[in-house]
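Asker: Structure below; questions to follow.
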Amino acid sequence: MPPDDSGTWHKVLPGSALAPGKLSKAMVAGRKIFVARLDDGTLVAAPVACPHEGADLSDGMLYMDAIDCPRHHYLYDMRTGENRYPREVFPADLAAQLAPLALCPIKEEEGWIWVGSPKS
Ligand code: FES
């Protein structure tokens, strides 16, 4: 995934500081984000504000490649940003209105984790 429109990557933390299944908070371009390493080692990042009502997702639980919001337990797929729950139990018209989580570009290079600026 490419960085933001300006082409800027931000050095966030050493890659060795983030074990599989863990997440960490950071600031990128003045925005609070969280960075996570999924169980298979894939890195993901997103703004901390839940698309539902803005709770801090970095206080949530990471499992099954998804982040579970601590407030109402909406579950966002960290590979796609899509809402998994309650989307799967809502009627189709309501499910279509659930906002996804905007993922940030991320890469690991030279021992560091780099994140592109959040777009939303
Ligand atoms: S604020 Fe995150 S699910 Fe409601």
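Asker: Amide H to amide H under 5 Å from ALA46: which residues, 5+ apart in sequence or cross-chain, H placed 1.01 Å off N in plane?
Answerer: Those lying under 5 Å, H to H, from ALA46 are PHE34, CYS104.
Asker: Now a separate question. Charges only on Cβ, +1 for Lys and Arg, -1 for Asp and Glu: so what's the dipole of the chain about the Cα centre, in debye to the nearest 20?
Answerer: Here the chain has a charge dipole of around 280 debye.
Asker: I'd like to know which of ALA96, THR42, TRP114 lies farthest towards the positive end of the charge dipole of the chain, counting +1 on Cβ of Lys and Arg and -1 on Cβ of Asp and Glu.
Answerer: Result: TRP114.
Asker: May I pose another question? Charges at C-beta only: +1 for Lys and Arg, -1 for Asp and Glu. How large is the resulting dipole of region 76-120 about its Cα centre, in Debye rounded to 20?
Answerer: 120 debye
Asker: Which one, ALA55, ALA66, THR80, projects farthest toward the positive side of the charge dipole computed for the chain from Cβ point charges (K/R +1, D/E -1)?
Answerer: ALA55
Read the figures in this text as sums done on the coordinates, not as results from a lab. Everything numeric here is computed off the predicted structure, so don't read it as measured data. As a convention, Cβ positions derive from the backbone with ideal geometry for all residues, glycine included, and neighbour counts pool all protein chains shown.
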